[in-house]
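> Handing you a structure now.
FYI, it's all coordinate maths here, none of it is from the lab. All values derive from a computational prediction rather than experimental measurement. Virtual Cβ from ideal backbone geometry, glycine too; neighbours counted across all protein chains shown.
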Amino acid sequence: YLYKYQFIDRQKLPKGKDAVFGSLLHDTLEHVYAKRPAYPTLSEALSFFEKEWERKEANSFFPSDLDAQVHFKEGLRIIKDYYAKADFEHTNVVALEKLFEVPIQDPATDETHLLTGRIDRVDKINGGIEVIDYKTNRSLKSKKQVAQDLQLSIYHLGVASLWPDLAGQYDIH
């Protein structure tokens, strides 16, 4: 029923607090990198986050005012930490929110399906590229987990379709 509701009836599921929180941070980073090479200051990025929080009425997605307040402060902390570690001067952004389409052939039926996706950010590094996918989890995946990650495998297909000359020339880190 959920599949029918979402994909056949084309109805949107209500967003949960984690999705709203992640989207707000994602939107903030997209805003930061979209302004390149004149990246916004930390103060401007924090202000953007705060305005988006209010515009999207983020408080309404949390079960309590306290929970909303904790997440809001956590969002500000994440942005501050990001700015403390980011090396904007040496970042060479190739694409933001890059859409890709990959035709996939089903050998059993000979049907072709179109796999589509969107990569948060692609940077040029050392003669290759780096795919950046924004996440709000606190822990990083191990190299083994990354190598087995379905989403990253799909990104690999997307990158190979967008930049075929780079296919096979990069490593997963």
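> Counting other Cβ atoms within 10 Å of each Cβ, which GluC sites (Glu not before Pro) in segment 1-57 have at most 12 and sit in a DSSP loop? If you can, show how the numbers build up before the last one.
On the way: sites: Glu30, Glu44, Glu50, Glu52, Glu54, Glu57; in loops: Glu57.
Sites meeting the loop and neighbour criteria: Glu57.
> Could you give the spread of the C-alpha atoms of segment 21-63 along their three principal axes, from largest to smallest, in whole angstroms?
39, 16, 13
> Give a residue-ordered list of calculated ³J(HN,Hα) values for segment 31-38 (Karplus: 6.51 cos²θ - 1.76 cosθ + 1.60, θ = phi - 60°; whole Hz; x for Gly, Pro).
The phi angles translate into 4, 4, 7, 5, 8, 4, x, 8 Hz.
> What share of all Cα pairs of the chain, in percent, falls into each consecutive 5 Å distance bin?
Percent of pairs per bin, in order: 1, 7, 13, 15, 17, 17, 14, 9, 5, 2, 1, 0.
> Would you work out the relative contact order for the chain, in percent, from Cα pairs under 8 angstrom that are 6 or more residues apart? List each step's numbers first, then the result.
Numbers: 157 pairs, mean separation 26.7, N = 173.
Rounded, it is 15 percent for the chain.
> While we're here: Write down the radius of gyration of segment 1-99 and its Dmax, each obtained from C-alpha positions, in Å.
So, for segment 1-99, Rg and Dmax equal 16.1, 49 Å respectively.
> Report, as a whole number in µm² per second, the diffusion coefficient that Stokes-Einstein gives for segment 84-173 at 25 °C and 0.890 mPa s using the Kirkwood radius over alpha carbon pairs.
Numbers: Rh = 14.7 Å.
The Stokes-Einstein estimate is 167 µm²/s.
> While we're here: Excluding the sites themselves, what is the longest stretch of the chain that contains no trypsin sites (Lys or Arg not before Pro) in a DSSP loop with at most 15 other C-beta atoms within 10 Å?
Values: sites that count: Arg10, Lys12, Lys15, Lys35, Lys56, Lys135, Arg138, Lys141.
Longest run free of exposed loop sites: 57-134.
> Taking θ = phi - 60°, what integer Hz values does the Karplus form 6.51 cos²θ - 1.76 cosθ + 1.60 yield along segment 144-161, in sequence order, with x for Gly and Pro?
Per-residue couplings from phi come out as 5, 5, 4, 4, 9, 6, 4, 4, 5, 5, 5, 4, 4, 4, x, 4, 4, 6 Hz.
> Here is a further query. Given the DSSP H assignment, sum -39500 (n - 2.57) over each helix run of at least 4 residues in the chain and divide by its residue total; what's the result at 222 nm in deg cm²/dmol, nearest 500?
Details: 5 runs with 71 residues, N = 173.
Using -39500 (n - 2.57) per qualifying helix, the result is -13500 deg cm²/dmol.
> Here is a follow-up. Putting +1 on Lys and Arg Cβ atoms and -1 on Asp and Glu Cβ atoms, find which of Phe61, Tyr39, Ser161 reaches farthest to the positive end of the dipole of the chain.
Farthest towards the positive pole: Phe61.
> Restrict the search to segment 81-142; then list the GluC sites (Glu not before Pro) that DSSP places in a loop and that have at most 16 other Cβ atoms within 10 Å of their Cβ.
Values: sites: Glu89, Glu97, Glu101, Glu111, Glu130; in loops: Glu111.
Of the GluC sites (Glu not before Pro), the ones in loops of segment 81-142 whose Cβ has at most 16 other Cβ atoms within 10 Å are Glu111.
> Once phi is turned into θ = phi - 60°, what whole-Hz ³J(HN,Hα) does the Karplus curve with 6.51, -1.76 and 1.60 give for every residue of segment 120-133, x standing for Gly and Pro?
With the stated coefficients, segment 120-133 comes to 4, 7, 10, 10, 8, 9, 6, x, x, 10, 10, 8, 10, 10 Hz.
> Check which residues have an amide H placed less than 5 Å from Arg36's amide H, if you skip close sequence neighbours.
For Arg36, no residues qualify.
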